[in-house]
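Have a look at the structure below before the remarks.
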């Protein structure tokens with residue numbers, strides 16, 4: 001069983017998957033920073049100085065209305081944090097766009113590499129009588145002088 005597991009892990013696909021997961025996790029952190037730190041502040045400013053990550057809806061106002069999402073969490077007031085959902089949706093679209101562009105480029109490169117080259121038309125043929133190689137344009141074989 002150990003040998004089977006070792007062979008499974010040693011396959012190229014498992015290693016490629018592990019590298020992909022690690023790079024994906026790092027890319028996810030970059031996208032989160034991009035969304036929360038670069039994209040959302042200008043959008044929030046354009047929409048009237050809104051911080052999307054702190055948008056929420058109070059489900060139970062009998063416990064009081066919290067001033068912020070952090071206040072609601074510390075007081076244990078149930079809320080729907082839809083601002084965080086907006087950030088995550090935008091992050092998802094950025095990752096989806098990046099994957100789309102990456103796959104499109106890989107497919108473009110693969111199609112240019114895998115494209116079969118057109119074979120050149122033959123420039124010689126074989127004489128049916130003496131089997132010597134002659135020009136495709138020849139009307140008579142130069143070896144046996146037969147008509148072609």
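The values are calculated or read from the model by the stated rules, or taken from the named source; none is laboratory data. The shown structure was predicted, so the numbers you read here are calculated from the model rather than taken from an experiment. Please note: Cβ atoms are built from the backbone with ideal geometry, for glycine as well, and neighbour counts cover all protein chains shown.
Name every residue in the range 80-112 that is in contact (Cβ under 8 Å) with a residue 12 or more places away in the chain and either more than 13 Å from residue 53 (Cβ to Cβ) or not assigned by TED's automatic domain parsing to the domain that holds residue 27 (or both), in order of residue number.
80, 94, 95, 98, listed by residue number.
Filter the range 72-88 down to the residues that are out of contact with any strand residue (DSSP E or B) (no Cβ under 8 Å at 6 or more places or on another chain), at pLDDT 85 or above, closer than 21 Å to residue 44 by Cα and surrounded by fewer than 16 Cβ atoms within 10 Å (Cβ to Cβ) and list them by number.
85
Mind checking which helices (runs of 4 or more DSSP H) fall wholly inside the range 1-110 and carry at least 2 residues that are under 18 Å from the mean Cα position of the chain (by Cα)?
Details: elements: 2-10, 12-33, 40-46, 69-75.
So the answer is 12-33.
Give 37, 44 a once-over and let me know the one that is out of contact with any strand residue (DSSP E or B) (no Cβ under 7 Å at 6 or more places or on another chain), under 24 Å from residue 96 (Cα atoms) and either in contact (Cβ under 8 Å) with a residue 40 or more places away in the chain or exposed (fewer than 11 other Cβ atoms within 10 Å of the Cβ) (or both). So that I can check it myself, show each step before the final result.
On the way: 44 fails: either in contact (Cβ under 8 Å) with a residue 40 or more places away in the chain or exposed (fewer than 11 other Cβ atoms within 10 Å of the Cβ) (or both).
It is 37.
Looking at the range 61-70 only, could you name the residues that are surrounded by 15 or more Cβ atoms within 10 Å (Cβ to Cβ) and out of contact with any helix residue (DSSP H, G or I) (no Cβ under 7 Å at 6 or more places or on another chain)? Please lay out each step first, then the result.
As a first pass, look at the range 61-70 and keep what is surrounded by 15 or more Cβ atoms within 10 Å (Cβ to Cβ): 66, 69.
Hits for the range 61-70: nothing passes.
Can you name every residue in the range 44-60 that is in contact with a helix residue (DSSP H, G or I) (Cβ under 9 Å, 6 or more places away or on another chain), over 15 Å from residue 88 (Cα atoms) and at pLDDT 80 or above?
57, 58
Take the residues in the range 122-137 that are part of a loop (DSSP other than H, G, I, E, B) and in contact (Cβ under 8 Å) with a residue 12 or more places away in the chain; name whichever of them is nearest to residue 24 (Cα to Cα). Explain how you work it out, then say what you get.
Initial filter on the range 122-137 (part of a loop (DSSP other than H, G, I, E, B)): 122-123, 127-132, 136-137.
Now drop any that are not in contact (Cβ under 8 Å) with a residue 12 or more places away in the chain, which leaves 122-123, 127-130, 132, 136.
Working: 122: 50, 123: 53, 127: 63, 128: 64, 129: 67, 130: 66, 132: 62, 136: 58 Å.
That would be 122.
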